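Written below as structure tokens is the structure these notes are about.
The values are calculated or read from the model by the stated rules, or taken from the named source; none is laboratory data. In this text, all values refer to a predicted model and were calculated from it rather than measured experimentally. Using ideal geometry, Cβ is built from the backbone for each residue, glycine included, and neighbour counts are taken over all protein chains shown. The accessibility values were calculated without ligands, DNA or RNA, using every heavy atom of the protein model including side chains. Shrake-Rupley method; radii C 1.70, N 1.55, O 1.52, S 1.80 Å.
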Amino acid sequence: MTEPKFWVVVPAAGVGRRFGGDQPKQYYPLNGKTVAEWTLSRLLSVSRVAGCVVAISDADQHWAKLGINDSRVILTTGGAERSDTVYQGLLALTELASPNDWVLVHDIARPCVRAADIERMMDALAVDAVGGILAAPMADTVKRVSGGNCIAATEDRSQLWAAMTPQMFRYSLLRDALLQAKNKDFQPTDESSAVEQLGVSPKVIAGQRDNIKITNREDLAIAEAILQVQIQQKEDH
């Protein structure tokens, strides 16, 4: 039996409504590159990645301007929702991936992910039947708020984790989970929530808190500061 391969799917078809601006947030400049270039360089620095599917909008006019020349990158077209885009990414791997191979889904807007975290996740889940996600324990006190913006309850944060990406699952399991969600008209907010609907329990792998997602404009400045610290730490070592 051959060892399972590791594939990456990067949904990048969104327009970033909350971010605003004249182009999708993944194409904004960040510390000398674009957000997308930082994200993909981090993912492709992991030698075990056999291929990386990037699913972009069919109206995307920016991708061709990027300087991404890695032969492992496979370009495809995404869908209307994130889950549709990820599913299209999986379909692009139909002739390449085996049912038991691993697929890591990663947000294009998480440029600060550390290769070491990805490697650790690969090792931790290597023999798992399902897979899991990078996440971090909640540090803030979490409030449940009612419709009138009044606090209804304070949650016990000891059992709450903030989900991140990559989220890593067996190829056939993730494909089936997303197809079932589509057939049931269920819109999963991440890959794990789709997989959970199959009645299985993904693992949580602790990740670094600096693996932030760029959602709003101010996040660009935060990501730039994080990248500069990460680069300095690498140089110091």
Query - All-pairs alpha carbon distance profile, region 50-164, 10 Å steps from 0, percent - result: 10, 30, 31, 19, 9, 0
Report task. Could you compute the FRET efficiency for Trp63 and Lys143, with r as their C-beta to C-beta distance and R0 at 30 Å, rounded to 0.05? Result -> 0.15
Query raised in the report: Can you give the % of DSSP beta bridges in region 33-175 that are antiparallel, to the nearest 5?
Result: 70 percent
Report summary line: Note to self: with every protein chain in place and a 1.4 Å probe, the chain gives an accessible area per residue in Å² of 52 Å²
Report task. Step through the residues of region 200-216 one at a time and calculate ³J(HN,Hα) from phi using the Karplus curve (6.51 cos²θ - 1.76 cosθ + 1.60, θ = phi - 60°), rounding each to whole Hz and writing x for Gly and Pro. Result -> 10, 10, x, 7, 10, 10, 5, x, 5, 5, 7, 7, 7, 9, 7, 10, 10
Report task. With springs only between Cα atoms under 10 Å apart, run a GNM on the chain and tell me which of Val46, Val127, Val35 wobbles the most. Result -> Val127
Query raised in the report: Given the options Gly32, Gly131, Gly51, which has the most mean-square fluctuation in a GNM of the chain, springs set between C-alpha atoms less than 10 angstrom apart?
Result: Gly32
Report summary line: In nm², the average projected area of the convex hull spanned by the Cα atoms of region 1-82 is 6.5 nm²
Requested in this report: For region 18-56 and region 78-95, compute the distance between their C-alpha centroids and round to whole Å.
Outcome: 17 Å
Report summary line: Straight-line reach check, Lys25, cutoff 20 Å on alpha carbons, 8 or more apart in-chain or any other chain, hits among lysines -> Lys33, Lys65, Lys213
Report task. Roll a 1.4 angstrom probe over the protein heavy atoms and tell me the percent of accessible area of the chain that is carbon or sulfur. Result -> 49 percent
**Report entry** Candidates Val103, Val73, Val145: whichever shows maximal mean-square fluctuation once the chain is modelled as a Gaussian network with Cα springs under 10 Å
**Finding:** Val145
Query raised in the report: Under the Kirkwood approximation applied to all pairs of distinct alpha-carbon atoms, what is the hydrodynamic radius of region 94-212 in Å?
Result: 15.7 Å
Query raised in the report: Taking only the alpha-carbon positions of the chain and ignoring solvent, what does the Debye formula give for the base-10 log of I(q)/I(0) at q = 0.08, 0.09, 0.11, 0.13 Å⁻¹?
Result: -0.30, -0.38, -0.58, -0.82
Report summary line: The lysines whose Cα lies under 20 Å from the Cα of Lys203, excluding any fewer than 8 residues away in the same chain, are Lys5
Report summary line: Scalar couplings 3J(HN,Hα) for region 181-186 by Karplus 6.51 cos²θ - 1.76 cosθ + 1.60 (θ = phi - 60°), nearest whole Hz, x for Gly and Pro, are 4, 5, 5, 8, 6, 9
